[in-house]
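Read through the structure below, which is laid out as structure tokens, and then see the notes.
Values quoted throughout were computed directly from the atomic coordinates according to the rules given, and no laboratory measurement underlies them. Note that the structure is a prediction, hence the values are computed from the model and not measured. When we count neighbours, we look across all protein chains shown, and the Cβ atoms used for this are built from the backbone with ideal geometry, even at glycine.
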Amino acid sequence: MSRIDSHFSDNGSGSTVILLHGFPFNRSMWRGQIEFLSARGYRCVAPDLRGLGENKSDAEIATMEEMARDVAELMDELKIDRAIICGLSMGCYVAFEFAHMFPSRVEALVLAGARAEGADKAEKKSREQQAKRVREQGMTHAIDSISQSLLSPRTLAEKPDVVSRVREMVASTDPRGAAAAQRGMATRRDYSDDLAKIDVPTLIVAGREDGVRTPEDAEFIDERIPNSQLIVIDDAGHLMNMEQPEIFNRALIGFLNELNH
Ligand code: MLT
């Protein structure tokens, strides 16, 4: 159960923001936020989650609980007691689990492209099919469909640099890690009942054109977390932090700076 490896970036100094990436990506998806926040008085720690990025693993499944425990162990190693936990999509499942297991270590939460409900039967089946397919055929077949479904039409038409970064991240993902994370997401808990218990300031961010984790998913979370605020970003899909970095960063720094007042 212990962390198998630790590949992470650690930039800047000040209050710590832990950045938890989405699937099937790696810590490099946070590059724009790391540069921005570390130049403005924040320490940014971004790990590669279990089985992804450089954090290789042979396990058949990587659960959200294991990933959350990995984050706590990394914080121990870096002597960080409490941090602002910021996730995107799968990173939000890990953030929900982390907040549940280690509530006293969470100073605030940022949830981008999040969904609280667990996987239903159809989602579990589709994740198992995708897990088998990547194990058999590798990631290449998934590159087009992932970039088409996760990015907004505007990003696809006008931001070739973002599209190619996304494609490269998918292509570089280890199929074993992708399959293990799919199985972990299939077995994730339903976090809906956790939401009312989250007692830290929470920023929820949604992409107006995110078809996989919709603004309605974000509203569901916003209605249940007592101290939350919701921002919906236009012309952004699921990878809103890469698609509209200026708007995302402005929302983030506004929220973070308020915490210190
Ligand atoms: C992600 O971006 O992390 C994925 O879309 C998560 C998921 O498949 O639920």
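Positive-end ranking of 163, 184, 59 along the dipole of the chain, with charges on Cβ about the Cα centre, is headed by 59.
Among the DSSP beta bridges whose two residues both lie in the chain, what percent are antiparallel, rounded to the nearest 5? Taking every DSSP beta bridge with both residues in the chain, the antiparallel ones total about 15 percent. Per-residue ellipticity at 222 nm computed for the chain from its helices equals -14000 deg cm²/dmol, with DSSP H segments shorter than 4 residues left out and the rest contributing -39,500 (n - 2.57). Taking the number of Cβ atoms within 10 Å of each Cβ as an exposure proxy, the fewest-first ranking of 187, 202 is 187, 202.
With charges set only on the Cβ (+1 for Lys and Arg, -1 for Asp and Glu), what does the dipole of segment 8-259 come to about its Cα centre, in debye to the nearest 20? Mind dumping the intermediate values first?
On the way: 31 positive and 41 negative charges, 94 e Å.
That gives a dipole near 440 debye.
Computed on the chain, with alpha-carbon pairs under 8 angstrom and 6+ residues apart, the relative contact order is 21 percent.
Along the axis of the charge dipole computed for the chain (Cβ charges of +1 for Lys and Arg, -1 for Asp and Glu, origin at the Cα centre), the listed residues 25, 239, 254 are led at the positive end by 25. Summing +1 for each Lys or Arg and -1 for each Asp or Glu, what net charge is found among the other residues whose Cβ lies under 15 Å from the Cβ of residue 246? Charge balance near residue 246 sits at -1. Which one, 148, 72, 98, is farthest towards the positive end of the dipole of segment 8-259 when Lys and Arg carry +1 and Asp and Glu -1 on their Cβ? Going by the charge dipole, the pick is 148.
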